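Asks: Please find one structure pasted underneath; my questions will follow.
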Amino acid sequence: TKQAMPLDNTFRIEAYEELTVPAGKFKALKITNSNSAGEEFISWHIPELGQPAKRVLKRTAKFPRGPGTREEELVSYTIAK
């Protein structure tokens, strides 16, 4: 719609914890993010790989397209040599 809208974000590092996903077991930073558009994110970021191992996005009823949830997990990875 090419409309501008203000967006307030709040980020928090909640923990450094062990996480198991299909790609393996990792120590990851659990980071939460919520915004004024009605989205809530949780991401488990692996510092050694520079990417998340798991992400969960929750849209609340406040979100313009309605509520919903999306989850992503790291299935495999390759470190280039």
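The values are calculated or read from the model by the stated rules, or taken from the named source; none is laboratory data. In this text the structure is predicted, and so the values were computed from the model without any measurement. Positions of Cβ are generated from backbone atoms using ideal geometry, with glycine treated the same way; all protein chains shown enter the neighbour counts.
Asks: For the chain, list the strands (runs of 3 or more DSSP E) that sit wholly inside it and hold at least 3 residues that are out of contact with any Ser or Thr (no Cβ under 8 Å at 6 or more places or on another chain); which are they? Outline the logic, then answer.
Replies: Numbers: elements: 9-21, 24-35, 39-46, 51-59, 68-73.
Those strands (runs of 3 or more DSSP E) span 9-21, 24-35, 39-46, 68-73.
Asks: Starting from residues that are at pLDDT below 90 and aliphatic (A, V, I, L, M), keep the ones in region 2-48 and report whichever is nearest to E73 (Cα to Cα).
Replies: Result: A37.
Asks: Another question, if that's okay. Would a scan of region 32-49 turn up a residue that is touching a His at 6+ places or on another chain (Cβ under 9 Å) and at negative phi?
Replies: Looking only at region 32-49, we keep the residues that are touching a His at 6+ places or on another chain (Cβ under 9 Å), and these are none.
Checked against the condition, which is being touching a His at 6+ places or on another chain (Cβ under 9 Å) and at negative phi, region 32-49 yields no hits at all.
Asks: Quick one: which of T60, T20, T32 is of a type in the set (S, T, Y) and under 10 Å from the mean Cα position of the chain (by Cα)? Give the steps one after another, and end with the answer.
Replies: Details: T60 fails: under 10 Å from the mean Cα position of the chain (by Cα); T20 fails: under 10 Å from the mean Cα position of the chain (by Cα).
After ruling out the rest, the residue left standing is T32.
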